[in-house]
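The values are calculated or read from the model by the stated rules, or taken from the named source; none is laboratory data. Quantities reported herein were computed from a predicted structural model and do not represent experimental measurements. Every residue, glycine among them, receives a Cβ derived from its backbone with ideal geometry; neighbour counts consider all protein chains shown. Please note that ligands, DNA and RNA were not included when accessible areas were found on the heavy atoms of the full protein model with its side chains. Shrake-Rupley method; radii C 1.70, N 1.55, O 1.52, S 1.80 Å.
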Amino acid sequence: SNLKQLKAAENWLATNWSGICDELAKISNPVLIITGTDDVVVPTQNSLIIAGKIPASWLVQIKDAGHSVTGQYPDEITKILNTFLSTTGQNK
């Protein structure tokens, strides 16, 4: 529902994450986090929180990219994805 989506978005933008955020430490699969340094929709600091909680995660911040980083820098994103997948063995 729209109310659940709004609540999820509010929690995502919160700076005092608790509860579900603590569950991130249980993720055992490789995780790639990509964010733009100029994202005005979701705070870039959120990516630091996520990367700090997920063991062995990769964090890539694209300088000068906004919220639609994949549309702004498709070639760079493709290279990052290929590197991540080949390095972590996820491309099998």
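What does the accessible area of GLU23 come to, in Å² to the nearest 10, when a probe of 1.4 Å is used?
For GLU23, solvent-accessible area is about 80 Å².
Excluding GLY36 itself, calculate the net charge of residues whose Cβ lies under 12 Å from the Cβ of GLY36, where each Lys or Arg counts +1 and each Asp or Glu counts -1.
-3
Over segment 16-76, with the other protein chains present, what is the accessible area per residue in square angstrom, probe 1.4 angstrom?
Using a 1.4 Å probe on heavy atoms only, each residue of segment 16-76 averages 61 Å².
Compute the Cα gyration tensor for segment 41-92, then decide on rounded, prolate or oblate, letting a ≥ b ≥ c be the square roots of its eigenvalues: rounded whenever a/c is under 1.5, prolate when a/b is larger than b/c in the other cases, and oblate in all that remain.
Oblate, because a/c is 1.5 or more while a/b does not exceed b/c.
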